[in-house]
């Protein structure tokens, strides 16, 4: 690390550290409840039904990352607006426009997903279409929530954003238990997400009431920022690539292996995703702060390197436990209902740790509009999926392919993003790499 870069770590403000700690704590808490929901589902559903739950949940996670394009774009322009003296009324109008758009396209996407569900179910060897219908309902909320969350993130209202995340996670766990006890099985476990997300959306609207009120009350003509199509596509490609990267194994294993094996691998997926809790929080904080620093001519790399360090340290520590005690962890957490994953759990832990770092690189690349990293990530995803399709004789083979993809993504991040980037206006065309 250069001397000049090392000295810039001193420019990281106390508020930056507080926001990072706040969001990390909230996301770890929210992730813990989400994780507990998966554990409860695994204990109450059994291997076959749990395999169906994990496969459809992986599809939902891909939809989450894709619709997070809305959140990232909303956060990007909200961060720009937030630097203005008249920020509140402009953000209020900006939010209203995005909210209306989200309702229109959310309803359309939900209808399309519901119509396609009978065609998707046989591909995943699902005994019923109902889990996919629950995913269809989720899709509507996945259009609405990114608008509220994106504005909260862009204006750096991290107290509100943290509260929303935790509220959804707690609500999801409660509703999942209730719905499974009613007898709705995998459908109920999946339906808990949109119900809890609706509650979180109401809370987010409450936090945004000053901006919404200012937007309604302002009599001045307000010019809203133009949403760049090129930046939207860059964000779409980046988030979709990351979503497929971290979720393709659950879907492909469900397709290529028998239901019992896929159900046992669902435990590995559930445990491995714990490594994503911290980086998801740090990425939320890094994104608007890097936009702000870049616009003001300040070096955003200290935030990047601190986020990467925290991500890798936490992930590798947990992965070490996975290697040492795989059988004990699975037997204790899932009450002996699933097979010992052996080395597969630790290998997937390494992969998800590398994916966690990839998430940090991606947030940084999108905050600075760096196209080369996003393009390379898309290529890595295609290569990883192709490798799994061609070589899936056993689960350990699949896990090693995941590690290879994670290593490649991080090497691309190192070679394309750790260098000083010239400043440019937020509404300027994307710079070339």
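Every read-out reported here was derived from the displayed coordinates using simple, explicitly stated rules and does not represent laboratory data. Predicted, not measured: the structure shown is a model, and the values here were computed from it. Every residue, glycine as well, gets a Cβ built from its backbone with ideal geometry; the counts of neighbours run over all protein chains shown.
You can think of it this way: the chain between residue 114 and residue 298 has 61.5 nm of extra reach, that is 0.36 nm per residue less the Cα-Cα gap.
Extension gain for the segment residue 174 to residue 104, taken as residue separation times 0.36 nm less the Cα-Cα distance, is 22.2 nm to one decimal.
When the alpha carbon gyration tensor of segment 48-119 is reduced to an equivalent ellipsoid, the three semi-axes, largest first, read 34, 15, 7 Å. Annotation: extensible slack from residue 21 through residue 325 equals 106.5 nm (criterion: 0.36 nm per residue apart, minus Cα-Cα distance).
If R0 is taken as 41 Å, the Cβ-Cβ distance between residue 48 and residue 217 corresponds to a FRET efficiency of 0.15.
Given a Förster distance of 25 Å, report the FRET efficiency between residue 206 and residue 96 from their Cβ-Cβ distance, rounded to the nearest 0.05. Step by step, r from the Cβ atoms, then E = 0.95. To the nearest ten degrees, helix 395-417 and the longest principal axis of the Cα atoms of the chain are 10 degrees apart. Spacing of the modelled spin labels on residue 40 and residue 379, each 7 Å from Cα toward Cβ, amounts to 4.5 nm.
Treat the count of other C-beta atoms within 10 Å as a stand-in for reagent exposure and order 172, 293 from fewest to most.
293, 172
Annotation: peptides 21-32, 143-154, 309-320, ranked by per-residue average of other Cβ atoms within 10 Å with the highest first, follow the order 143-154, 21-32, 309-320.
Over segment 319-394, Cα pairs under 8 Å with separation of 6+ residues give a relative contact order of 22 percent.
Summarising the label geometry, the points placed 7 Å from Cα in the beta-carbon direction at residue 343 and residue 199 lie 4.4 nm from one another. Packing, as the average of other Cβ atoms within 10 Å across residues, places the peptides 224-236, 354-366 in the order 354-366, 224-236, highest first. Take 369-375, 344-350 and order them by the average number of nearby Cβ atoms within 10 Å per residue, most first; the result is 344-350, 369-375.
Any idea what the relative contact order of the chain is, in percent, if you count C-alpha pairs under 8 Å spaced at least 6 apart?
Values: 656 pairs, mean separation 95.2, N = 433.
Computed over the chain, the figure is 22 percent.
Note the angle between two axes, namely the Cα long axis of helix 47-81 and the longest principal axis of the Cα atoms of the chain, as a number of degrees from 0 to 90, rounded to the nearest 10. Around 0 degrees separate the two axes. Counting only alpha carbon atoms, the long axis of helix 87-123 and the longest principal axis of the chain meet at about 20°. Here the spin labels are modelled as points 7 Å beyond Cα on the Cα-Cβ line, and at residue 232 and residue 83 they lie 2.3 nm apart.
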